[in-house]
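The structure appears right after this line, and notes come after that.
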Amino acid sequence: MATLSSASSQGATLRPDYRLSLSILFIGLCLVFVQTWVGLVIALLGLFLVVQTTIIRLTFTDVELQVCRGTTILRQFPYAEWQSWTVFWSPVPILFYFREVKSIHFLPMLFNPVELRDQLNQHCETVGLDR
């Protein structure tokens, strides 16, 4: 795992957005009183997403999207390998999808959706990628 260099740290890092993770946690806690096990499972998923929202960051550099934890780069996705992207359910964004040449990726919306769309429009247009 690489660490952020000075060149990659110049990229735009998205701010966290806790709306999805806290909503799932709240729904799970409410369901505990109706269906205990279902509520606990959903609440645990919400708690997991709260933790992920706190520690995971997306950084857009000139050439790639980086998924980071602190200063450690977990994954890198060069824009040149992207085929398409979309943010599911525009009124309340819940899922970010993008397709590379060799694989597809789904990420829960744990970051600011407006910043995400702005960065995707900016960086994906430069490599000729259509939405």
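Worth a mention:
- Yes/no for Val63 being of a type in the set (A, V, I, L, M, F, W, C), at pLDDT below 95 and either touching a Pro at 6+ places or on another chain (Cβ under 8 Å) or under 17 Å from Pro108 (Cβ atoms) (or both): yes
- Restricting attention to region 105-124 and to residues that are of a type in the set (A, V, I, L, M) and farther than 13 Å from Ser21 by Cα, the residue that is surrounded by the fewest Cβ atoms within 10 Å (Cβ to Cβ) turns out to be Val114.
- When the criteria are applied in full, His105 meets the requirement of being touching a strand residue (DSSP E or B) at 6+ places or on another chain (Cβ under 8 Å) and more than 17 Å from Leu14 (Cα to Cα).
- Region 79-104 - residue that is under 26 Å from Ser23 (Cβ atoms) and polar (S, T, N, Q) and, of those, nearest to the chain's Cα centre (by Cα): Thr86
- Ala80 vs. criteria at pLDDT 95 or above and not in a loop (DSSP other than H, G, I, E, B): no
- Enumeration of residues in region 26-49 that are under 22 Å from the mean Cα position of the chain (by Cα) and either surrounded by fewer than 17 Cβ atoms within 10 Å (Cβ to Cβ) or in a strand (DSSP E or B) (or both): Phe26, Ile27, Val41, Leu44, Leu45, Leu47, Phe48
- Some residue of region 102-109 being on the phi > 0 side of the Ramachandran plot, modelled with pLDDT under 95 and not in a strand (DSSP E or B): no
- Under the condition of being surrounded by fewer than 19 Cβ atoms within 10 Å (Cβ to Cβ) and within 14 Å of the chain's Cα centre (by Cα), the residues counted in region 58-72 number 2.
- Checking each residue in region 51-77 for being in contact with a Leu (Cβ under 6 Å, 6 or more places away or on another chain) and not in a helix (DSSP H, G or I) picks out Leu58, Val67, Thr71, Phe77.
- Residue in region 70-78 that is in contact with a His (Cβ under 6 Å, 6 or more places away or on another chain) and within 27 Å of Leu22 (Cβ to Cβ) present: no
- Val92 fulfils the conditions (1) among the hydrophobic types (A, V, I, L, M, F, W, C); (2) surrounded by fewer than 19 Cβ atoms within 10 Å (Cβ to Cβ); (3) in contact with an Asp or Glu (Cβ under 9 Å, 6 or more places away or on another chain); (4) not in a strand (DSSP E or B) except for a single criterion, (3).
The values are calculated or read from the model by the stated rules, or taken from the named source; none is laboratory data. Please read these numbers as outputs of a predicted model, since none were measured by experiment. When we count neighbours, we look across all protein chains shown, and the Cβ atoms used for this are built from the backbone with ideal geometry, even at glycine.
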